[in-house]
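Below is one structure, written out as structure tokens; the observations come after it.
The values are calculated or read from the model by the stated rules, or taken from the named source; none is laboratory data. Please read these numbers as outputs of a predicted model, since none were measured by experiment. When we count neighbours, we look across all protein chains shown, and the Cβ atoms used for this are built from the backbone with ideal geometry, even at glycine. Only protein heavy atoms, including side chains, enter the accessible area calculation; ligands, DNA and RNA are left aside. Shrake-Rupley method; radii C 1.70, N 1.55, O 1.52, S 1.80 Å.
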Amino acid sequence: MLWVKKINSSLTLKLTLPIMGVGLLLLITLVTVYNYQANKTLISQFQVITKNVSDSLVIATETDAKPANLFRVVGSLAARNNILRLVVIEQFGNIIAADNHHQNIGLSAKKGLNPIDYKFFSQLIKHTNGDKQYLIHNDIFYNLTPVHMINPSVNRLRKYYVFIAHNESEALNQASSDLIKLVLLFGCGILVMLFTLYLVQLRVLLKPLSNINSTINQPDQIILPSDKKGFGDDELGILATNYNKLVKAKLLRDSELTKAKRYIEGITEASPMLLAYVDAQRHYQFVNNRYIDWFQQPTKNYIGRHMADIFGKSLYQEIAPYIDKVLSGKPVLFEKELLIDNQPTKHLKASYLPDINEQEIVQGFFICIEDITEAKNYEIQLAEFANNLEFKQIALEDEKRVAEQALKIKSEFLASMSHEIRTPMNGVLGMLTLLMDTELTADQIHKTSLAKSSAESLLTLINDILDFSKIESGKMDFEDIDFDLSNMLGTLTETFGKQAQDKGVELILDTTQIEHTTVKADPSRIRQVLTNLVSNVIKFTQSGVISITASLYEDFDDSLNLLCEVQDTGIGIQQDKLNKIFESFTQVDASTTRKYGGTGLGLAIAKRLCQQMGGDLHAKSEAGKGSSFKFTVKLLPCETEIPSPLHLNLKESNIIIVDHNKASRQVLSSQLIRLGAHTQEASLGSEALFLLETTTFSEQENIIFIDMQLPKMNGLELATQIRKNTNFDRFKLIAMVPLATPHNRDFYESCGFQAYTFKPLTDSSLRDVLSFVSSPSIEDHTSQQTKNELTSDHPSEDATNINWPTSTRILLVEDIQINQLIVQGLLAALDLSCDIATNGLDALKILNDDDQAYDIIFMDCQMPEMDGYEATEAIRQGKAGEAAKSTPIIAMTANAMKGDEEKCLASGMDDYISKPIEPETLKGKLVEWLINKG
Ligand code: ADP
């Protein structure tokens with residue numbers, strides 16, 4: 001029905017109808033209540049009238065019981081109360097006693113009343129004892145009230161009925177008209193209310209709703225508020241706000257989706273792979289361009305098409321088993337050869353991956369195809385290459401073998417050259433040493449010493465060449481032993497002290513930057529580098545200062561680095577030549593050799609040695625001003641702690657250093673400050689005296705170091721001046737003397753000194769002299785002095801001082817006569833002699849024949865018939881008798897290459913001396929094996 005449709009489609013009607021229904025319900029209730037109330041009022045009014053009338057009749061008969069009075073009262077009561085019929089009926093016989101219709105008096109009720117009245121009278125008479133004493137019919141109220149009145153006939157009280165019919169139509173009409181007015185008023189009220197409601201709905205509901213509606217009809221539009229206040233916080237406001245949020249979220253998601261789609265499209269297009277998606281019905285749902293291009297199918301429209309349409313029947317049948325497998329939920333990987341339109345064969349590697357949804361149903365599958373044609377072709381080529389390579393490998397191995405052979409030959413050549421050169425050099429040098437020990441004229445001494453120095457130079461050159469060759473061929477061996485770095489540097493500096501002083505150059509060693517002096521490395525190689533640098537700087541410096549500065553720093557990997565700088569104020573090197581000096585056999589200019597000697601190999605060797613020890617060597621120089629050589633090498637922290645030298649505490653000591661050389665002063669000052677002293681410096685004697693006179697010194701220990709070679713007032717003069725002043729008695733004086741001092745301890749003591757020490761100062765010489773002056777005892781001083789003398793230029797022990805064990809027996813096994821003579825000569829110089837065996841066999845024979853054991857055997861290695869190694873093994877096996885089995889055997893060989901010493905020791909020898917034999921080395925070994933270990 002139309003109106004039902006209307007209601008369904010109209011929100012206003014839907015909202016208004018309940019209100020209208022409620023209004024109607026209210027109206028009905030109102031009318032009902034009103035009617036009920038009106039009736040009740042009428043009935044109660046009627047009952048009041050009835051009562052009044054009955055009471056009036058009773059009172060009237062009591063006053064005057066005459067019938068006329070009753071008739072009159074009935075008439076007037078009926079008229080007054082608008083009563084249609086007022087009848088008084090005697091109970092006995094139902095006779096009308098009085099009636100406003102007089103003609104009926106005396107008649108029975110049945111006759112005197114009209115039928116309707118009588119009908120109601122009859123009905124009412126049955127209820128005279130009940131509650132309901134009235135009846136209503138056609139707007140007429142009927143009432144029957146029983147009363148007791150005086151019967152005038154008998155003048156006694158008798159029971160009567162008062163029957164009243166009262167017309168209520170007027171009152172009812174009035175009530176009806178009132179009701180109509182009320183209904184109309186109520187109806188108008190409802191209408192006004194509905195209209196107002198509509199207006200309100202229109203404003204707060206319908207308009208915003210239509211606004212929302214028109215907005216949401218357009219896709220992804222934001223609802224704009226109708227006024228500036230924005231959306232209210234009512235349901236529509238919340239609805240609009242939430243809708244806007246939804247739209248924004250959707251827009252964001254859309255943009256992300258678009259981006260993601262773009263990325264995926266980009267990736268799939270950029271991918272060198274052929275990518276596609278096929279649904280469960282085998283229809284393409286996605287393909288990238290490469291896929292389309294690669295298969296070169298006539299149609300570009302893949303989407304929605306069956307795979308068989310694209311590939312053709314035969315190719316489709318070939319791949320169908322793979323498709324079946326992937327659609328059964330299993331991934332598939334396969335390779336395929338394809339022949340497309342007379343093109344060269346293509347190779348594909350395909351991977352099918354099933355697309356399984358949450359319900360475990362296969363929706364389709366992803367296809368990823370790689371074109372491996374190139375790789376396949378390479379594989380084929382590679383197989384061909386491999387074949388060829390096998391041949392080449394064989395050839396290469398041959399070449400390698402040849403190269404190894406060459407290297408071996410080179411090493412062997414090096415070893416034999418080393419041996420062959422050292423052997424005659426041993427002869428030359430040994431003989432010259434022996435010659436110098438004989439009585440010679442001054443001219444002979446001069447010539448012999450020249451020959452010896454030339455031979456030594458030649459040996460240095462040979463050693464350099466051998467070293468260089470060893471480095472080049474990787475044969476240079478490096479040790480890793482614990483040693484005291486400061487001591488090593490001190491000893492080395494002392495060794496060069498004399499040379500430097502002879503040239504009038506100040507040599508300074510600065511080790512203040514070395515905290516831990518015990519380290520692990522190859523001390524002899526570091527010494528070799530330093531020796532080269534220091535001998536160079538001494539060679540190329542005529543005056544000024546040469547300083548050796550060493551410091552240690554830790555690396556990231558916890559290893560230690562030694563940084564050493566050797567600086568001079570010598571001739572310097574031109575910038576353009578600076579890099580060349582590290583090349584082998586290179587000197588700055590040809591005149592260098594003429595003037596200074598040298599081979600041009602030293603720096604090349606030093607640099608390579610540094611590099612092989614994990615560091616490097618660099619030079620800085622300015623022609624005419626001097627040079628600086630800096631090298632680094634890697635060291636390891638020491639494993640076994642070498643006991644640190646006596647720890648001196650100079651806290652609170654005041655020490656004055658008087659030295660004209662600023663650098664010397666500063667280094668000594670830093671060394672002393674490190675030990676805790678307060679230092680002051682003076683460059684001249686006069687300055688020192690001024691300092692002494694003007695400064696207040698504490699009562700603590702006061703020491704003055706005085707350099708003997710001060711200009712103007714020399715050290716001795718200064719000491720004399722100081723000792724003249726008794727105020728300075730508490731100052732102990734230490735003389736810093738040159739190595740070649742002509743004076744002895746007594747002399748310096750007599751000049752007022754408490755001690756003296758040689759220059760250059762080293763850590764240990766400084767400690768020695770300080771510990772002496774701190775706890776002086778003349779013996780200590782002497783020993784310190786002796787020690788210094790020993791480290792400078794005096795032989796450590798005179799041969800005559802050594803007490804060899806009585807009847808020491810030495811066997812020399814040596815085939816070359818000149819070498820036999822040399823060893824004999826050197827031993828003779830030590831008050832020793834030896835027996836000689838000319839080869840290993842001879843040695844075994846001598847040892848076997850002799851009852852008395854030898855104390856030591858010197859064994860050459862390369863000999864005819866039986867070499868030294870074989871002979872040693874035989875001796876150790878007891879082939880030379882029990883006694884000889886444990887005799888110390890010392891190799892004495894010109895084999896000085898890497899591994900030679902190890903080879904000797906491995907054969908059973910106990911020690912090793914390389915040729916040419918140094919007298920000192922020989923003596924050291926004899927002391928060690930005959931005295932220390934004997
Ligand atoms: P050698 O000193 O035996 O000639 P080196 O390799 O030690 O060989 O030195 C190469 C050259 O570098 C030297 O000949 C010299 O010209 C130059 N040279 C080395 N040290 C110094 C230095 N301290 N001052 C000036 N020139 C130097």
Legend entry - 1 or more residues more than 21 Å from residue 47 (Cα to Cα), open to solvent by 70 Å² or more (accessible area, probe 1.4 Å) and not basic (Lys, Arg): qualifying strands (runs of 3 or more DSSP E) within segment 98-182: 156-167
Inset, instruction - Please specify each residue of segment 535-564 satisfying the condition of being open to solvent by 30 Å² or more (accessible area, probe 1.4 Å) and in a loop (DSSP other than H, G, I, E, B). - result: 540, 542, 543, 555, 556, 557, 558
Inset, instruction - Could you grab the pairs with beta carbons closer than 6 Å, sequence gap of 6+ or different chains, first residue in segment 279-291 and in contact (Cβ under 8 Å) with a residue 12 or more places away in the chain, second one β-branched (Val, Ile, Thr) and buried (at least 18 other Cβ atoms within 10 Å of the Cβ)? - result: 284/278; 288/268
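Conditions tested, residue by residue: (1) modelled with pLDDT of 85 or more; (2) out of contact with any helix residue (DSSP H, G or I) (no Cβ under 8 Å at 6 or more places or on another chain); (3) open to solvent by 40 Å² or more (accessible area, probe 1.4 Å); (4) part of a helix (DSSP H, G or I).
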| site | (1), (2), (3), (4) |
| --- | --- |
| 800 | no, yes, yes, yes |
| 806 | no, yes, yes, no |
| 812 | yes, no, no, no |
| 815 | yes, yes, yes, no |
| 818 | no, no, yes, yes |
| 824 | yes, yes, yes, yes |
| 831 | yes, no, yes, no |
| 842 | yes, yes, yes, yes |
| 847 | yes, no, no, yes |
Inset, instruction - Looking for whichever is modelled with pLDDT of 90 or more and either on the phi < 0 side of the Ramachandran plot or open to solvent by less than 50 Å² (accessible area, probe 1.4 Å) (or both) here; the options are 279, 227. Which one fits? - result: 279
Inset, instruction - Determine whether segment 438-458 contains at least one residue that is surrounded by 15 or more Cβ atoms within 10 Å (Cβ to Cβ), within 16 Å of the ligand (Cβ to nearest atom), over 57 Å from the mean Cα position of the chain (by Cα) and not acidic (Asp, Glu). - result: no
Inset, instruction - Within segment 751-772, track down each residue that is open to solvent by less than 10 Å² (accessible area, probe 1.4 Å), under 21 Å from residue 513 (Cβ atoms) and of a type in the set (A, V, I, L, M, F, W, C). - result: 766, 770
Legend entry - Subset of segment 227-281 [part of a strand (DSSP E or B) and of a type in the set (A, V, I, L, M, F, W, C)]: 274, 275, 276, 278
Inset, instruction - Return yes when residue 510 is part of a strand (DSSP E or B) and open to solvent by 20 Å² or more (accessible area, probe 1.4 Å) and no when it is not. - result: yes
Inset, instruction - Give me the pairs, please: first residue somewhere in segment 613-627 and farther than 16 Å from residue 527 by Cα, second residue anywhere and open to solvent by 60 Å² or more (accessible area, probe 1.4 Å) and more than 9 Å from the ligand (Cβ to nearest atom), beta-carbon distance under 6 Å, and either six or more positions apart or on two chains. - result: 618/630; 623/574; 626/569
Inset, instruction - List the number of the failed condition for residue 686; all other conditions in (1) farther than 24 Å from residue 506 by Cβ; (2) open to solvent by 50 Å² or more (accessible area, probe 1.4 Å) hold. - result: (1)
Inset, instruction - Sort out which residues of segment 306-332 are free of Cβ contacts under 8 Å to residues at least 12 places away in the same chain and open to solvent by 50 Å² or more (accessible area, probe 1.4 Å), and write them in order of number. - result: 309, 313, 314, 317, 321, 324
Inset, instruction - Residues being under 21 Å from residue 455 (Cα atoms) and either assigned to a helix (DSSP H, G or I) or open to solvent by 20 Å² or more (accessible area, probe 1.4 Å) (or both): count how many of those fall in segment 897-925. - result: 6
Inset, instruction - Inspect segment 360-376 for any residue being under 15 Å from residue 319 (Cα atoms), open to solvent by 40 Å² or more (accessible area, probe 1.4 Å) and under 45 Å from the mean Cα position of the chain (by Cα) and give the result as yes or no. - result: yes
Inset, instruction - Kindly indicate whether residue 243 is open to solvent by less than 80 Å² (accessible area, probe 1.4 Å), among the aromatic types (Phe, Trp, Tyr) and under 30 Å from residue 363 (Cβ atoms). - result: no
Inset, instruction - Determine whether segment 629-639 contains at least one residue that is within 16 Å of the ligand (Cβ to nearest atom), modelled with pLDDT of 90 or more and open to solvent by less than 60 Å² (accessible area, probe 1.4 Å). - result: yes
Legend entry - Residue satisfying all of: in segment 67-88; within 18 Å of residue 103 (Cα to Cα) and of a type in the set (Lys, Arg); surrounded by the fewest Cβ atoms within 10 Å (Cβ to Cβ) among these: 72
Inset, instruction - Determine if segment 16-27 includes at least one residue that is within 27 Å of residue 108 (Cβ to Cβ) and open to solvent by 60 Å² or more (accessible area, probe 1.4 Å). - result: no
Inset, instruction - Scan segment 169-210 for residues that are polar (S, T, N, Q) and under 30 Å from residue 39 (Cα atoms) and report the count. - result: 5
Inset, instruction - Within segment 467-496, work out how many residues are within 15 Å of the ligand (Cβ to nearest atom) and either within 24 Å of residue 407 (Cβ to Cβ) or open to solvent by 50 Å² or more (accessible area, probe 1.4 Å) (or both). - result: 3
Inset, instruction - Specify which of the listed residues (851, 867, 911, 855) is in contact with a Cys (Cβ under 7 Å, 6 or more places away or on another chain), acidic (Asp, Glu) and over 20 Å from residue 463 (Cα atoms). - result: 867
Legend entry - Residue check for residue 186: of a type in the set (Phe, Trp, Tyr), more than 30 Å from residue 90 (Cα to Cα) and open to solvent by 60 Å² or more (accessible area, probe 1.4 Å): no
Inset, instruction - Output the number of the condition that residue 532 fails; it satisfies all remaining conditions of (1) open to solvent by less than 40 Å² (accessible area, probe 1.4 Å); (2) in contact with a strand residue (DSSP E or B) (Cβ under 6 Å, 6 or more places away or on another chain); (3) within 12 Å of the ligand (Cβ to nearest atom); (4) among the polar types (S, T, N, Q). - result: (2)
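Matching residues to (1) under 30 Å from residue 668 (Cα atoms); (2) touching a strand residue (DSSP E or B) at 6+ places or on another chain (Cβ under 6 Å); (3) modelled with pLDDT under 80:
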{"residue": "443", "(1), (2), (3)": "no, no, yes"}
{"residue": "466", "(1), (2), (3)": "no, no, yes"}
{"residue": "483", "(1), (2), (3)": "yes, no, no"}
{"residue": "504", "(1), (2), (3)": "yes, no, no"}
{"residue": "510", "(1), (2), (3)": "yes, yes, no"}
{"residue": "525", "(1), (2), (3)": "yes, no, no"}
Legend entry - Evaluation of residue 676 against (1) in contact with a Lys or Arg (Cβ under 8 Å, 6 or more places away or on another chain); (2) over 28 Å from residue 550 (Cβ atoms) (one fails), failing number: (2)
Inset, instruction - Taking residue 423 as meeting all but one of (1) under 59 Å from the mean Cα position of the chain (by Cα); (2) in a helix (DSSP H, G or I), write down the number of the exception. - result: (1)
Inset, instruction - Considering only segment 540-582, state which residues are out of contact with any helix residue (DSSP H, G or I) (no Cβ under 8 Å at 6 or more places or on another chain) and aliphatic (A, V, I, L, M). - result: 560, 563, 571, 578
